[in-house]
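J.: Can you keep this structure in mind? I'll have questions shortly.
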Amino acid sequence: QVTCIEVVEAYVERIKEVNPLINAVVKDRFEEALQEARQVDKLLSEGPSDDYLEEKYPLLGVPITVKEAFSLQGMPNTSGLVSRRNVIATSDATVVSRLKQAGAIPLGVTNCSELCMWYESSNRVYGRTNNPYDLQRIVGGSSGGEGGVLAAACSVIGVGSDIGGSIRMPAFFNGVFGHKPTTGVVPNDGQFPNAHGVRTSFLCTGPMCRYAEDLEPVLRVMAGPGVSKLKLSEKVSLEKIKFHCMDHDGGSVFVSPVDKEILQAQKKVVEHIESDLGVQVQRVAIHKMKYSFQIWSAMMSSKDSSGQEAQRFTDLLGDHGKPVWPLWELMKWFVGMSSHTFPAIALGLTEKLMNLNPSGNAKLVSMGKSLQEEMEALLGQDGVLLYPSHPTIAPKHHSPICMPFNFAYTAIFNVLGLPVTQCPLGLGSEGLPLGIQLVAAAYNDHLTLAVAQYLENAFGGWVLPGKV
């Protein structure tokens, strides 16, 4: 009904309209995108069959955006690090290349936190990204620019990555869908920083979308041949899923209590599933979840099976240049002379503290392994766990510094290697998105994707910001 050029022009205009407010797209490629749209229209006019096009180019002409941490040829690839200010990607990350080959048209790259290791997307290269539902609030991180750009209807599909919740927190705070696939299915190549050592088992690349039905086709393209490990073609019978529900982590001292409104939204989901599908949602209390933050931290800093040490964050901050001394950077920061953000400096300091207790870390790693076995046994091949996405709705700017470990609600599933779909559940009393995490056992991504579509129909999914 519309030409590709019309679609791309509409998205370009939308970005120009809202980006001055939200600062999500940090570098655009509008001219190239419009040129690519013309080529799509030319291809369509030449008349190959729809079946052929659908098979060869499943995302033909679809406008997408890409987290700036991924290489997109001709675009910056700094990950918010001042010392990389002049780095321009000369090739495409694997997932970006696959999306382009499937016909998708990148409009530009979006903001992230410094080195993708914080849940507010702000850095000294591009500044801060604001939440489209309330500009005084965060978009989350590290794929925060993607969350904001999708919520504001500036893009159809986003490319995100997630090692502690970096797809799911922005998806939650911005009321869109995000999927962290089973570990090891979608390639992470071509992003900076990439994971090394033990962290290669925790970092996941995945899709972010406004509509639940888009997650699966995008995941298929991103996974490429690896998609055969997933059961995406299996029909899911929702009545046969064994649903489990956990309201909170059990009361960790490091993490805020879960907001009443988030608990209320989760309760409504449980009630709807029980009355509509005629199934019983099993309440569970998994004791080890209380130690989510400690388990994630210990596993992130552990050695891999070959004895390789985890890469130090302070080395990444230096990016092959001079080493960064966090205490010295902190002193410079107080007088406005550091080129790093406060959260990055703080992370460098806490990393040093983590290394002071090797025996405690070993116990936590073994607790993580036992939690993984417990979770896999609970979920089996037909289980889905409903779990809060975050203890609070989108916080105000800077306030994550006061509760830095709240990301534990998402992070625990990275070290457990489980697939998780973040699903929006409408807006709360302050007009900010609510949501829930849907978790399944490894390689059962099809279950969480099916439940996300079901809940989108029941609760309305994405809501345009500013729509009363």
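The values are calculated or read from the model by the stated rules, or taken from the named source; none is laboratory data. Model, not experiment: these values are computed from the prediction. Neighbour counts are summed over all protein chains in view; Cβ atoms, including those assigned to glycine, are modelled from backbone coordinates with ideal geometry. For the accessible areas, the whole protein counts, side chains as well, though only heavy atoms, and no ligand, DNA or RNA atoms are used. Shrake-Rupley method; radii C 1.70, N 1.55, O 1.52, S 1.80 Å.
J.: Can you divide the C-alpha Rg of region 23-98 by 2.2 N^0.38 Å and report the result to two decimal places?
T.: Relative to the rule-of-thumb radius for its length, region 23-98 sits at 1.34.
J.: Using 0.36 nm per residue of separation minus the Cα-Cα distance, give me the extension gain between Lys396 and Glu55 in nm, one decimal.
T.: Stretched fully, the Lys396-Glu55 segment lengthens by 118.3 nm.
J.: If amide H atoms are built 1.01 Å from N in the plane of the peptide, which residues on other chains or at least 5 residues away come under 5 Å of the amide H of Gly426?
T.: Close amide H contacts, sequence-distant or interchain: Leu434, Gly461.
J.: If you filter region 206-297 for trypsin sites (Lys or Arg not before Pro), then keep DSSP loop positions with at most 11 other Cβ within 10 Å, what is left?
T.: When the trypsin sites (Lys or Arg not before Pro) of region 206-297 are filtered for loop state and at most 11 Cβ neighbours within 10 Å, Lys235 remain.
J.: Can you pull the percent of region 4-459's accessible area that's carbon plus sulfur, 1.4 Å probe, other chains left in place?
T.: 54
J.: Still on this model: Go ahead and estimate [θ] at 222 nm for the chain from helices alone: -39,500 (n - 2.57) per DSSP H run with n ≥ 4, summed, over the residue count, rounded to 500.
T.: Taking each H run of at least 4 residues, the total per residue is -11500 deg cm²/dmol.
J.: Given H placed 1.01 Å from N in the peptide plane, which residues other than close sequence neighbours of Gly383 have an amide H under 5 Å from its amide H?
T.: Lys242, Ala441
J.: Rank Val109, Tyr409, Gln35 by how far each Cα sits towards the positive end of the charge dipole of the chain (+1 on Lys, Arg Cβ; -1 on Asp, Glu Cβ) and give me just the farthest.
T.: Comparing the listed Cα positions along the dipole, Tyr409 ranks first.
J.: What pairs in Lys268/Lys288; Lys363/Lys396; Lys267/Lys396; Lys100/Lys229; Lys268/Lys290; Lys100/Lys235 have C-alpha atoms more than 30 Å from each other?
T.: Lys363/Lys396
J.: Highest mean first, what order results for 146-154, 74-82, 158-166 on Cβ atoms within 10 Å?
T.: 146-154, 158-166, 74-82
J.: In addition: Count of lysine pairs in region 1-82 with Cα atoms under 19 Å apart, counting only pairs 8 or more residues apart in sequence or on different chains?
T.: 4
J.: Could you size up the charge dipole of the chain around its Cα centre, putting +1 on the beta carbon of Lys and Arg and -1 on that of Asp and Glu, and report it in debye to the nearest 20?
T.: In debye, rounded to 20, the chain gives about 1320.
J.: Can you compute 3J(HN,Hα) from phi for each residue in region 128-144, using the Karplus curve 6.51 cos²θ - 1.76 cosθ + 1.60 with θ = phi - 60°, rounded to whole Hz and x for Gly and Pro?
T.: 3J(HN,Hα) across region 128-144, in whole Hz: 10, 9, 10, 6, x, 7, 6, 5, 7, 10, 7, 9, x, x, 8, 7, x.
J.: Here is a follow-up. For region 37-78, what does the equivalent ellipsoid look like in terms of its semi-axes, each the square root of 5 times an eigenvalue of the Cα gyration tensor, given largest first in whole Å?
T.: In descending order the semi-axes read 28, 12, 7 Å.
J.: Hey, with R₀ at 60 Å, roughly what FRET efficiency would Met331 and Ala377 work out to, going by the Cβ-Cβ distance, to 0.05?
T.: 0.75
J.: Right, something else. Could you tell me what % of all Cα pairs in the chain have separations over 29 Å?
T.: Value for the chain: 44 percent of Cα pairs lie more than 29 Å apart.
J.: I want to check the label-to-label distance for Glu32 and Glu46. Put each point 7 Å from Cα in the C-beta direction and report it in nm to one decimal.
T.: Calculated label separation equals 2.2 nm.
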